[in-house]
Every structure is written in C-alpha cells, then in structure tokens.
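Here the structure is laid out as structure tokens; the discussion comes afterwards.
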Amino acid sequence: MKRSLIIIWISFLCILTGFLLGVGIKPNIKITYLPPICSDPYIPTSTEWKSLHLTAEYNNEQGLTDKFIQTHFSCYPYPQWFQVILDLKCQPTWDHYLGNGAFDIGKEEVKSALMDAVKTIMKLIQGPMPNVTEDVVRMDIFIRGFPLAIYQKGNLTFGEGIRFKE
C-alpha cells in the first residue's frame, strides 16, 4: 500500500514537472487529405474565443430592435479589422421591405432604423470586447439574404440596387 502511494506520488511529480517545463502531451493526429497546417496545434487568442462565443450565442433568430429581427449573426477578428455579418428581416409591425432590395419608405427612415440595429450590435460586441470600436468594425448587413449595406468606420453605405420610396 505504502509502495503504491510512493509510485503514484512520483508519477504525479514527474507529470507536474513536465508541464511546468513546457512539455505537454500533443496530439499526433495527421489528417492526410488536408494540408499540414490544418493538423498543426493552434492556440486561439482571447479575441478569437470571444468572437466564437458571441457567434455561437447570438447566431439565432431574435428581436434586435423594434424594427428589425436578427436572423444571422457572426463575427471574425482579422488583424486589421473586426468583421461582422448580420442578416435581418423586418418586424411584423414595421414590414416595409418589399423584397429584392426595395423598400416602401424613404432612405433616411431605413438608414435610421439600420443605425439603431448597428448600435445594438456594437453594444453586444463591446460587452466582452470593449476595445472593438466602430473604427475597426466592418459590418456587412443583409436583409433576408440580400446585400443591403456596409457599416464601416461609423458610416453606413447602402449597396447597389437598393431602392427606396421617393
């Protein structure tokens, strides 16, 4: 009994010493049909983990503002910018989208509604990542899968083919 406790204790110390010295058990799995970089060990950054968490938690259909429902949300940190993909549909009480990039209301009203949605998304992102400001965010906004606008550096630019009521 005493001898087995000594063996366990020595094993524990060896493993602990190995981890403290940076020696760890690394998976030796190679996927033959993929390039080697896909099998190399990789430790994600804190921002990558937080982006993955935000995407997993908020990539579902939910009310975003009183005018829009979010149908898709994902975000990706790149070295130079923070990419957000946002797909929307109109709330039943504010159904002004006619399809194929056309609205039955004016451009300024749509822009105001979209800016409210952008502000909501920015608050969501800045909760876990306060340093992700509008200076580094590029948000591609879709409505029912149709490219609607791009929000970048605080400016909202509508895509080509978007039509509004005159």
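The values are calculated or read from the model by the stated rules, or taken from the named source; none is laboratory data. Being a predicted model, the structure only gives us computed values, none of them experimental. Here the Cβ is made from the backbone with ideal geometry for all residues, glycine too, and neighbour counts use every protein chain on show.
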Suppose we filter the stretch 116-127 for residues that are under 15 Å from L148 (Cβ atoms) and surrounded by fewer than 16 Cβ atoms within 10 Å (Cβ to Cβ); how many remain?
1
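Whether any residue in the stretch 114-133 is in contact (Cβ under 8 Å) with a residue 12 or more places away in the chain, part of a helix (DSSP H, G or I) and touching a His at 6+ places or on another chain (Cβ under 8 Å) is what I want to check.
No, the conditions are met nowhere in the stretch 114-133.
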Within the set of pairs 6 or more residues apart or between chains, which connect a residue that is touching a residue at least 12 places away in the same chain (Cβ under 8 Å) and more than 24 Å from P44 (Cα to Cα) inside the stretch 59-78 to a residue that is outside any loop (DSSP other than H, G, I, E, B) and basic (K, R) with Cβ atoms less than 8 Å apart?
F68/K89; I69/K89; T71/K89
Output for the stretch 58-91, where each listed residue is within 15 Å of the chain's Cα centre (by Cα) and in a loop (DSSP other than H, G, I, E, B):
N59, N60, E61, Y78, P79, W81
So Y151 fits all but one of (1) under 16 Å from S74 (Cβ atoms); (2) among the aromatic types (F, W, Y); (3) over 25 Å from the mean Cα position of the chain (by Cα); what number is the exception?
(3)
Please indicate, with yes or no, whether at least one residue in the stretch 55-69 is surrounded by 12 or more Cβ atoms within 10 Å (Cβ to Cβ), hydrophobic (A, V, I, L, M, F, W, C) and farther than 24 Å from N100 by Cα.
no
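Residue-by-condition table, conditions (1) farther than 19 Å from Y151 by Cα; (2) touching a strand residue (DSSP E or B) at 6+ places or on another chain (Cβ under 7 Å); (3) modelled with pLDDT of 95 or more:
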| residue | (1), (2), (3) |
| --- | --- |
| P79 | no, no, no |
| D87 | no, yes, yes |
| C90 | no, yes, yes |
| D95 | yes, no, no |
| G101 | no, yes, no |
| E109 | no, no, yes |
| L114 | no, yes, yes |
